[in-house]
1. Say we join alpha carbon atoms closer than 10 Å with springs in a Gaussian network model of the chain; which of THR193, THR202, THR146 then has the biggest fluctuation?
2. Rounded if a/c is under 1.5, else prolate if a/b beats b/c, else oblate: with a ≥ b ≥ c from the C-alpha gyration tensor eigenvalues square-rooted, which is the range 36-117?
3. Taking K and R as +1 and D and E as -1, what net charge do the other residues with C-beta under 13 Å from the C-beta of ASP48 add up to?
4. May I ask for the longest run of the chain untouched by GluC sites (Glu not before Pro) that are loop-located per DSSP and have at most 13 neighbouring C-beta atoms (other than their own) within 10 Å?
5. Work from the charge dipole of the chain (Cβ charges, +1 for Lys and Arg, -1 for Asp and Glu, about the Cα centre) and give the residue of GLY219, PRO64, THR179 farthest towards its positive end.
6. Rounded to the nearest Å, what's the spacing between the alpha carbon centres of the range 1-57 and the range 167-204? Just the number, please.
7. What nm value, rounded to one decimal, do you get for the distance between ASP38 and GLU162 when each label is placed 7 Å out toward the C-beta?
8. If you put +1 on each Lys and Arg Cβ and -1 on each Asp and Glu Cβ, how big is the dipole of the range 77-162 around its Cα centre, in Debye rounded to 20?
Amino acid sequence: MTGGASGIGEGTVRRLVDEGVHVVVTDVDQPGGRALADELGITFAPLDVSDPVAWEQVVDEHGPFDIGFLNAGVSTDDARDVGTLPIIGLTDRAYRRIMGANVDGVVLGARALLPAMVATGRGDLVVTASMAGLVPISMDPIYGLTKHAVVGFVRSLAQAFEQDPSTDLCISAICPGFTDTNIIGPEAKERLTDLGVPLMSTAHVADVVIRALTERVQGAQWVIWPGHEVTVYEWASPLTQPAPAEVAS
Ligand SMILES: NC(=O)c1ccc[n+]([C@@H]2O[C@H](COP(=O)([O-])OP(=O)(O)OC[C@H]3O[C@@H](n4cnc5c(N)ncnc54)[C@H](O)[C@@H]3O)[C@@H](O)[C@H]2O)c1
């Protein structure tokens with residue numbers, strides 16, 4: 001579990017512990033992660049998901065894992081100087097930070113966790129993408145880039161899993177809309193409220209993580225939007241679909 005100290009991660013840790021799952025909570029926020037782990041009587045391991053060496057240490061010390069919830073993520077700092085397009089104010093530091101957490105964190109996590117899953121023949125990865133991985137998000141295009149990348153990674157790895165019948169591996173993405181966590185600053189929360197956009201609870205999103213882990217829909221994108229039924233977009237490759245009877249050219 002990455003990014004478990006706060007928000008969707010924290011809500012999911014609580015839900016998994018209630019379900020009797022043995023959880024190792026990780027986060028770059030050490031005081032927050034330790035406090036949660038102490039409260040719940042579980043293990044905390046410090047982990048910056050963008051650091052490949054730190055991933056190796058966590059797996060060596062606490063693995064093997066049969067479930068990975070790759071959830072840590074950030075939005076872009078300094079995304080926009082007032083009155084400019086978002087990219088114009090983007091600093092190198094802000095760009096590297098979000099790519100490290102949102103993209104590197106998922107790839108390095110899958111790379112670190114999969115060998116043990118392959119060895120036992122079974123494993124589950126659930127990745128926190130976003131609605132911003134499926135639709136545009138003009139206020140933070142780099143965030144949209146990272147979440148589209150994550151959805152593409154999940155769908156592509158799902159196809160690779162499907163093509164290897166020797167293992168029972170499953171990967172899917174959750175794609176929540178706006179959720180009441182620290183990633184949305186107070187001003188943005190106020191703007192969303194003014195626009196009449198409700199924020200979802202982390203408990204609601206955590207319920208869907210549990211569904212993703214129990215229903216195991218390969219390559220699925222679990223779309224979670226306030227006031228709507230949860231929708232599951234399933235991965236489908238045109239290469240594995242029946243050929244159309246006639247193709248118009
Ligand atoms: N809140 C929303 O509206 C929303 C919607 C869709 C998707 N998401 C995604 O949900 C995930 C969780 O975010 P949240 O909304 O709970 O926000 P949050 O800020 O409450 O939690 C994010 C957690 O990730 C940790 N983190 C950040 N960078 C890290 C790094 N490099 N290494 C390890 N941990 C790191 C933070 O310390 C924090 O505990 C993110 O991937 C986010 O993009 C959030």
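What follows is calculated from the coordinates using simple rules that are stated; it is not laboratory data. Remember, predicted model here, so these are calculated numbers, not experimental data. Cβ sites come from the backbone with ideal geometry, for glycine too, and all protein chains shown count toward neighbours.
1. Fluctuation is largest for THR193.
2. Prolate is the answer for the range 36-117, as a/c is 1.5 or above and a/b outweighs b/c.
3. That works out to -3.
4. In the chain, the maximal stretch lacking such sites is 20-228.
5. Value: GLY219.
6. 19
7. Those two pseudo-labels are separated by 4.8 nm.
8. It works out to roughly 180 debye.
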